[in-house]
Amino acid sequence: MSKMAVNEKHGENSPYFDGWKAYERDPFHPTTNPHGVIQMGLAENQLCFDVVEEWIRNNPMASICTPQGLCHFRDIANFQDYHGLPHFRNGVAKLMSKVRGGRVKFDADRIVMSGGATGANELLMFCLADPGDAFLIPTPYYAAYDRDLCWRTGVQIIPVHCDSSNNFMITRAALEAAYKKAQEDNINVKGLIITNPSNPLGITLDKETLKSLVSFINEKNIHLVCDEIYGATVFNTPNFVSVSEIIQDMEFCNKNLIHIVYSLSKDMGFPGLRVGIVYSYNDTVVNCGRKMSSFGLVSSQTQHMLAAMLSDDEFVEIFLAESSRRLGKRHRFFTEGLEKMGITCLPSNAGLFCWMNLRSMLKEQTFESEMMLWRVIVNEVKLNVSPGSSFNCLEPGWFRVCFANMDDETVEVALKRIQTFVGKETDKAVKHRQSNLRVSFSSRRFDEAVMSPHMMSPHSPIPRSPLVKAT
Ligand SMILES: Cc1ncc(COP(=O)(O)O)c(C=O)c1O
């Protein structure tokens, strides 16, 4: 085996993937396995399949496997040009424009195909960096980036640490610190990668932040890769602002440094169709990337079907509006359910997940405690959620919980399980406090114990559980 193949960058040893395995061993089913693990670690958008299925039913000629579409079978089965079908690229360009509110136009000739955003991200790393070069990435970031960006390319990730003190905003100071540290370590920084909307945070970057990132990369003369695969999952204000809009309005920007990664895995809910896109403003990257797309071409059958679907303006508009509405409804239902139990999430407006704050449930503010709590949640509560450490979060106690890959009934079961867990933990916390009180009574006067600032102060150094708050 090559050294590259057997290095650990595939990332499959992380709890992110372990949780999936726990689900696979014992998957929840409402009737056949009602006590199984509920999969809340999978960022899939399954809320609008009925809308898509209706379109497919009404458009049988879009498939080469129906009597109506069979006449195209030979041409499509034989098609292998790595530029892709022109009407497929046009359809994708139109979709990308619609997702950005029609405020930007995309040139179909700049669209390079790849096997999902996974392939698109790797393709860009291959084009832009040599083994040992690095990309800055704000934390927390998508757990599989280590695999997608680094495993086969030898590229390194340099984390740009963001934290909850400003709701995980990316600051210029954090970027400069990461950049400076890399220089001190003699690492060649080739660029910055951002995920907007963010996985795992479910938030969008505002215009000012985006402008400052574009200025930063221009000043340093490094690349900016924007993974915008959650662009249409925005369900609440503020709206999604793409880097493409920002550079359109900016006076000074070297567009050769800007690259967008897109896919239909999240916005349309088609991760199995493996449609990934690199949209680069750099001609050399487009030309090189296109030669590489032979390694991960989107099947011509898929291109053919999607060309028809994405060119149907009315369908696309209805789908995008309905998907956003349903995601918003589901997000509200889930987060309000958690709030009733005293559990808060980072306020978010996008994505297929929420970023749940269980910091006050940790025994200690350490990643060991985070893993202990995670094991209880997976093995006893039987919910596969993903711990913040698998997204390289700097603060222990955050968990990503996916809510769009299941039906309403399953979400209700998940909420009930969390409530039962919260109830048990609250009982434990109350008993613990009572036994502490009894110890205090034996050595102190009653009023001293009850009125002690230690017990009463909201700034008590004893970590308060949200579970206790819930009672
Ligand atoms: C930020 C981000 N980028 C890329 C991917 C990979 O997407 P795809 O299924 O299109 O390969 C994911 C999947 O979860 C993701 O969250």
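Every number here is computed from the coordinates shown, using simple stated rules; none is lab data. As the structure is a computational prediction, the values presented were derived from the model and not from experiment. Neighbour counts run over all protein chains shown; Cβ positions are idealised from the backbone, glycine included.
Key figures
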quantity	calculated
Of K21/K363; K220/K266; K190/K211; K21/K428; K3/K291, those spanning more than 28 Å from alpha-carbon to alpha-carbon	K220/K266; K21/K428
Sorted by Cβ density within 10 Å, fewest first, the residues H83, H259, H331	H83, H331, H259
Neighbourhood net charge (9 Å Cβ-Cβ; Lys/Arg +1, Asp/Glu -1) for F106	+3
Helix 367-379 vs. the chain, principal-axis angle (Cα, 0 to 90°, nearest 10)	80 degrees
Between helix 86-99 and the chain: long-axis angle, C-alpha atoms, 0 to 90°, nearest 10	40 degrees
Cα long-axis angle, helix 116-128 against the chain (0 to 90 degrees, to the nearest 10)	80 degrees
Beta bridges by DSSP in the range 50-316, antiparallel share as percent, to the nearest 5	35 percent
Relative contact order (%) - the range 50-316, alpha-carbon pairs under 8 angstrom, separation at least six	27 percent
Partnerless cysteines, meaning none of the other Cys C-beta atoms lie under 4.7 Å away, in the chain	C48, C65, C71, C127, C150, C162, C226, C253, C288, C393, C402
Within the range 50-316: Cβ-based charge dipole about Cα centre, in debye rounded to nearest 20 (Lys, Arg +1; Asp, Glu -1)	300 debye
Positive-pole candidate from T420, L310, I137, dipole of the chain, charges at beta carbon	T420
Stretch gain in nm, segment E54-E184, where the contour uses 0.36 nm per residue and the Cα spacing is subtracted	41.1 nm
Rel. contact order, % - alpha carbon contacts under 8 angstrom, at least six apart, the chain	22 percent
For T31, T204, T171, T426, order by how many other beta-carbon atoms lie within 10 Å, fewest first	T31, T171, T426, T204
Listed residue (N379, C226, I247) projecting farthest to the positive dipole end of the chain, Cβ model	N379
Relative contact order computed over the range 1-76 (Cα-Cα under 8 Å; 6+ residues apart), in percent	13 percent
For the chain, the longest site-free run once GluC sites (Glu not before Pro) in DSSP loop states with at most 13 other Cβ atoms within 10 Å are removed	13-250
Test item: Cα-centred dipole of the chain, Lys/Arg +1 and Asp/Glu -1 on Cβ, debye	980 debye
Selection from T335, M406, F106, by position along the positive dipole direction of the chain (Cβ)	T335
Size of charge dipole - the range 153-226 - debye, nearest 20, with Cβ of Lys, Arg +1 and Asp, Glu -1, no other charges	140 debye
Fraction of beta bridges assigned by DSSP in the chain that are antiparallel (%, nearest 5)	50 percent
